[in-house]
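For reference, the structure is listed below as structure tokens.
The values are calculated or read from the model by the stated rules, or taken from the named source; none is laboratory data. Note that the structure is predicted; figures quoted are calculated from it, not measured. Note that we place each Cβ from the backbone using ideal geometry, even for glycine, and neighbour counts take in every protein chain shown. To get the accessible areas, we keep the full protein, side chains included, count just its heavy atoms, and leave off ligands, DNA and RNA. Shrake-Rupley method; radii C 1.70, N 1.55, O 1.52, S 1.80 Å.
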Amino acid sequence: MKKTIDIISLGCSKNLVDSETLMGLMEANGYRCTHDSDDPQGDIVVVNTCGFINDAKEESINTILEFAQAKTEGRIKRLFVMGCLSERYLADLEAEIPEVDGWYGKFNYKKLLADLEPQLGTEQHISTGYHRHITTPRHYAYIKVSEGCDRHCAYCAIPLITGKHQSRPMDEILDEVRFLVSQGTKEFNVIAQELTYYGVDIDGKQHIAELIGKMADIEGVEWIRLHYAYPTHFPWELLKVMREKKNVCKYLDIALQHISDNMLARMKRNVTKQETYELVERLRKEVPGIHLRTTLMVGFPGETEKDFEELLEFTKWARFERMGAFAYSEEEGTYSEQNYEDDVPEDVKQRRLDKLMRVQQNISSELEAEKVGTIQRVIIDRQEGDYYIGRTEFCSPEVDPEVLIPADENPLAIGNFYDVKITDSEEFDLYATIYK
């Protein structure tokens, strides 16, 4: 009987896919895997780290230290670390945390099995007949279509960690979707660092519309949702797919970061204010009812009050259905860290962030209230207390508003779709009853 391995996943959904891939590989070779156990003990722990921003790096380091202490106390036997943090800071981490038995980066983590099973010889002798071990509820999964990024925005450390953009073969992605459908998955959240660049590294052409179209044609795929598009050279043919394929959600996650030409140029975003306004207008015109999720940044070096006021006015105009925002933090090795002074005081950053989010909260409240009285199709994720918790096509798991349906009305099946009537709204969530 081989040992138990607990995988601890930190950071984004792209990291989660890596953890699930490693779990599938381990299980195909006789190991028992658990994920994010409350109290791992006894055998092996693997921490899959994030190294994107300071808060994420701090969380990763603290988690490693926590399990290093558990190993010292004899509660676990071996500790391994993988992911973005160790990809970026391998030498420093090896020197500072000797309790870790092995370090792996973002791309060589499968070597862990070969190191645990030296009698198998090289990695090529290990069983590769495995599928991802899905850790999300069975009815939805994340599909990673590429790694890396060629964009080199001034503030972003991702290219330093993951390297150049690499698209997965289309047939491999579609085979994975078919397998997951056979296991009961209905909803597919398509993710990449730069979704719209898919295929360019293969033949110089954007193939994301073709990929999503073929994915939508697979029987059993109920919802497809798109994450992390880039505004420059947007593939407009993708909108045709969104309009014509009923199972492609009217939802697009597209990080815009800022709106003033001053900031966009300093951030090296390769887009202008005018082009951004036109982009949002065209997205809404060509896909009526589309819900846009974006991310905005305040406090980037050189941001003036005028720049920030432009951002506020843009937010009020665009009325994003979903929006996240954060204050700039300097990341070592990035263009901005090497070339700009971090000259916006922290209290100013926080004031701007708070003001921006207050504006967005009002917008979100208004937009959610407009749904009251409408009929929406929802998928049920879970039951909590007196409510079933569901989502519409406009809501991605874990980050977007949810729909609360009284559990005493009718018994509902987790993972099934239902039509509901929206009866009330809060700032971010909706209340509904089953529509008969």
## Note on the structure
Residue-ordered couplings for the range 64-79, obtained by feeding phi - 60° into the Karplus form 6.51 cos²θ - 1.76 cosθ + 1.60 and rounding to whole Hz (Gly and Pro as x), are 4, 5, 4, 7, 4, 5, 4, 5, 4, 7, x, 7, 10, 9, 9, 9
### Query
For the range 102-237, rounded, prolate or oblate, judged on the Cα gyration tensor with a ≥ b ≥ c (square roots of eigenvalues), a/c < 1.5 rounded, else prolate if a/b > b/c?
oblate
### Message
Using a 4.7 Å cut-off between beta carbons, which cysteines in the chain end up with no partner cysteine at all?
### Response
CYS12, CYS33, CYS50, CYS84, CYS149, CYS249, CYS395
### Query
Whole-Hz Karplus ³J(HN,Hα) for the range 407-421, in order, using 6.51 cos²θ - 1.76 cosθ + 1.60 and θ = phi - 60°, x for Gly and Pro?
6, 8, 6, 8, x, 10, 9, 4, x, 9, 9, 9, 8, 10, 9
### Task
Considering only LEU116, LEU367, LEU238, give the residue with the highest GNM mean-square fluctuation for the chain, with springs between Cα atoms whenever their separation is below 10 Å.
LEU116
### Message
Which of rounded, prolate or oblate describes the range 388-431 when judged by the alpha-carbon gyration tensor and an a/c cut-off of 1.5?
### Response
oblate
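Scale the Cα Rg of the range 287-394 by the rule-of-thumb value 2.2 N^0.38 Å and send over the ratio, two decimals.
Ratio of Cα Rg to 2.2 N^0.38 Å: 1.39.
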### Message
Checking a compactness column here: for the range 208-342, what do you get for Rg(Cα) / (2.2 N^0.38 Å), N being the number of residues?
### Response
1.18
### Summary
Sorting THR276, MET357, HIS207 by the position of each Cα along the dipole of the chain (Lys, Arg +1; Asp, Glu -1; all at Cβ), the one nearest the positive end of that ordering is HIS207
### Query
Sorted by accessible area (1.4 Å probe), largest first, how do SER37, SER86 line up?
SER37, SER86
### Message
For HIS291, what residues show an amide H to amide H distance below 5 Å, using hydrogens built from the backbone and excluding near sequence neighbours?
### Response
TYR251, LEU252
### Long-range amide H partners of GLN383 with built H, under 5 Å
ILE389
### Task
Write down the accessible area per residue of the range 22-90 in Å², having rolled a 1.4 Å probe over the full set of protein chains.
43
### Task
Using the heavy atoms of the protein chains and a 1.4 angstrom probe, tell me the accessible area per residue for the range 337-393 in square angstrom.
53
## Note on the structure
Non-local residues with an amide H under 5 Å from the amide H of THR423, with H modelled 1.01 Å from N and Pro and chain starts lacking one, are GLY373, TYR431, ALA432, THR433
#### Entry: Over 27 Å (Cα to Cα) - which of LYS71/LYS164; LYS164/LYS349; LYS164/LYS214; LYS214/LYS421; LYS2/LYS110 fall in this group
LYS71/LYS164; LYS164/LYS349; LYS214/LYS421
### Task
Could you tell me what percent of the accessible area of the chain is made up of carbon and sulfur, with a 1.4 Å probe and every protein chain present?
47
### Task
Quote the relative contact order of the range 80-215 in percent (integer), defining contacts as alpha-carbon pairs under 8 Å separated by 6+ residues.
21
### Task
Report the Stokes-Einstein translational diffusion coefficient (µm² s⁻¹, integer) for the range 1-159, Rh taken as the Kirkwood radius over Cα pairs, at 20 °C with viscosity 1.002 mPa s.
132
### Summary
Ranked output for segments 392-398, 414-420, 201-207 by mean other Cβ atoms within 10 Å, highest leading, reads 392-398, 414-420, 201-207
### Task
Evaluate the chain: find the radius of gyration of its Cα atoms, find its Kirkwood radius, and give the ratio Rg to Rh.
0.96
### Distance between the range 190-239 and the range 360-436 - C-alpha centres, whole angstrom
27
### Task
Could you run the Karplus curve 6.51 cos²θ - 1.76 cosθ + 1.60 with θ = phi - 60° over the range 256-267 and give me ³J(HN,Hα) per residue in whole Hz, x for Gly and Pro?
9, 6, 7, 10, 6, 4, 4, 5, 4, 5, 5, 7
